[in-house]
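**Student:** Handing you a structure now.
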Amino acid sequence: MATTKPMDRQAVYEDYERARHTFHQLLESASTTDLASPTSGTKWTNQQLLWHMLFGYMVVRALLVLVRVFGRLPRGVSKVFARVLNAGTVPFDWVNYAGPCGAATVYGPRRMAAAFDHVTDSLQHRLASESEADLARGMHYPVRWDPFFKDFMTLADIYRYPTQHFDFHLRQLTLDDDN
């Protein structure tokens with residue numbers, strides 16, 4: 001099933017803090033022009049991509065619920081669920097693109113920074129209360145939806161996911177900063 005090695009929670013906490021620091025630094029140093037500039041390798045502006053990076057942490061809260069439900073069911077149930085979601089990749093891709101376009105107009109840099117703090121604090125508190133047995137539970141995921149989704153992921157994998165997503169997109173930003 002899952003690895004028997006305990007999750008390194010401290011490493012996850014440190015990754016969240018590194019991402020939080022980087023996110024704040026990017027927002028604080030970016031001009032309005034920087035935020036409106038196109039990114040490298042996406043159709044988003046820097047501000048839209050920053051929101052998408054924040055959303056990677058937000059979506060984990062929903063994924064945690066899914067793992068709690070599907071992780072207690074036979075694996076075949078989540079496998080069918082993942083297949084259905086994979087079949088809906090085209091509408092997902094459209095929503096995944098359009099969401100940041102709209103959200104970035106509502107969430108300015110100040111709100112995005114506050115939301116990032118709130119969501120990472122929330123995830124750190126939840127992780128601190130997880131049992132090793134819960135962290136080992138898992139389910140199948142729609143691998144066509146995200147390059148960091150594996151066919152089967154544990155709750156521990158889900159806690160690590162948003163920083164992988166963040167670091168990937170960090171390289172696509174075209175903000176002029178010295179990070």
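FYI, it's all coordinate maths here, none of it is from the lab. As the structure is a computational prediction, the values presented were derived from the model and not from experiment. All Cβ positions, glycine included, derive from the backbone under ideal geometry; neighbour counts span all protein chains shown.
**Student:** How big is the Rg/Rh ratio for region 1-47, C-alpha atoms only, Rh by Kirkwood, two decimals?
**Tutor:** In region 1-47, Rg relative to Rh is 1.24.
**Student:** For the ranges 16-26, 39-49, what's the packing order if you count other beta-carbon atoms within 10 Å of each residue, average per peptide, and put the highest first?
**Tutor:** Values: 16-26: 17.3, 39-49: 18.8.
Descending packing order for the listed peptides: 39-49, 16-26.
**Student:** For region 62-178, what does the relative contact order come out to in percent, with C-alpha contacts under 8 Å and a separation of six or more?
**Tutor:** Relative CO of region 62-178 lands at 35 percent.
**Student:** How far is helix 155-170 tilted off the main Cα axis of the chain, in degrees rounded to 10, range 0 to 90?
**Tutor:** 20 degrees
**Student:** Calculate the dipole size of the chain relative to its Cα centre from +1 charges on Lys and Arg beta carbons and -1 charges on Asp and Glu beta carbons; express the result in debye to the nearest 20.
**Tutor:** Here the size comes out at about 900 debye.
**Student:** Find how many whole Å separate the alpha carbon centroid of region 38-71 from the alpha carbon centroid of region 140-172.
**Tutor:** So the two Cα centres are separated by 9 Å.
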